[in-house]
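The values are calculated or read from the model by the stated rules, or taken from the named source; none is laboratory data. Please read all numbers here as calculations on a predicted model, not as lab measurements. Neighbour counts are summed over all protein chains in view; Cβ atoms, including those assigned to glycine, are modelled from backbone coordinates with ideal geometry. Protein only, heavy atoms only, side chains kept; ligands, DNA and RNA dropped before computing areas. Shrake-Rupley method; radii C 1.70, N 1.55, O 1.52, S 1.80 Å.
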Amino acid sequence: MKKLILILLIGTVPMFGQQQNNTISVIGECDKKVDIEKYIINVEFKEVMADGYQNIESKSISQLKEDYKNKLNTIGVDFEKFKENVLYKITSTGYGAQAYYFYVTKSLDEVKKIHAQKMKGVTITWVDVIAKEKTNEEMIVLNKKAIQDARGKATRIAGSVNKKIGDIQNIEDTNYKRQYYNVNKSQELQKHYITVTFVLE
């Protein structure tokens, strides 16, 4: 009985191995546009110390905020809409009196206007660019395009070894609806990837 089971197992090994090797996996891709949902401007207020050499007067944080508020009023931005970033202040390693604020806007023009307002003791430390989340419908369209691209690649590869592709055996989607906007490559369309496994015939 043991010999019979052993023979049956040995006989099935090539079949399983053949099934595993009789597929082809390719990565399909398509271009996707990443739209911007909002900008978050992060501002640091740092106490200004008097400097007779540069003819600079000392200014407290409260004075800086008042001056900055007046400066923003001239471009139509309300400083009251800025919110204090308390957590960043707690984790900051800076020295001296400091305060951190952030402002959320959907307008790039507004970002440019605020960025142009230079003032001693006030610094825009960085601007977060938050991308819009893709809808389920948008993800489906992108997936279809990427799968179509994968099919084309798989067909060409299979043809080079005199094979044809059959049904899809597996699809692996590692994309997220939440998008990332790459400011370093803002002029380039980003890619949407899908890994597709086809049966080889």
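General remarks:
- Whole-Hz ³J(HN,Hα) from phi, Karplus 6.51 cos²θ - 1.76 cosθ + 1.60, for segment 139-146, glycine and proline x: 5, 4, 4, 5, 4, 4, 5, 5
- For the pair Ser60 and Lys185, a Förster radius of 41 Å applied to the C-beta separation gives a FRET efficiency near 0.50, rounded to the nearest 0.05.
- Against the chain, whose longest principal axis is taken from its Cα atoms, helix 2-21 shows a tilt of about 50°.
- Only helical runs count toward this figure. For the chain, summing -39,500 (n - 2.57) over DSSP H runs of n ≥ 4 and dividing by all residues gives -11500 deg cm²/dmol at 222 nm.
- Distances between placed amide hydrogens fall under 5 Å for Leu200 paired with Thr23, Ile24, Gly166, all partners being 5 or more residues away or on another chain.
- Using a probe of 1.4 angstrom and keeping all protein chains present, the accessible surface of the chain works out to 70 square angstrom per residue.
- Among Lys106, Lys185, Lys71: highest mean-square fluctuation, GNM of the chain, C-alpha pairs under 10 Å: Lys185
- Gain upon complete extension [Ile140, Leu108; 0.36 nm per residue less C-alpha separation]: 8.6 nm
- Options Leu108, Val48, Ile171, ranked by Cα towards positive dipole end of the chain, top entry (Cβ charges): Ile171
- Cα centre as origin, Lys/Arg/Asp/Glu Cβ charges: the chain dipole, Debye: 680 debye
- Label-zone membership for segment 134-152, site Gln169, 7 angstrom Cα→C-beta point, backbone N under 16 Å: 151
- Label point at Lys132 placed 7 Å out along Cα→Cβ; residues across segment 97-112 whose backbone nitrogen lies under 11 Å: none
- Modelled label positions at Arg178 and Thr91, each set 7 Å beyond Cα in the direction of Cβ, lie 1.5 nm from each other.
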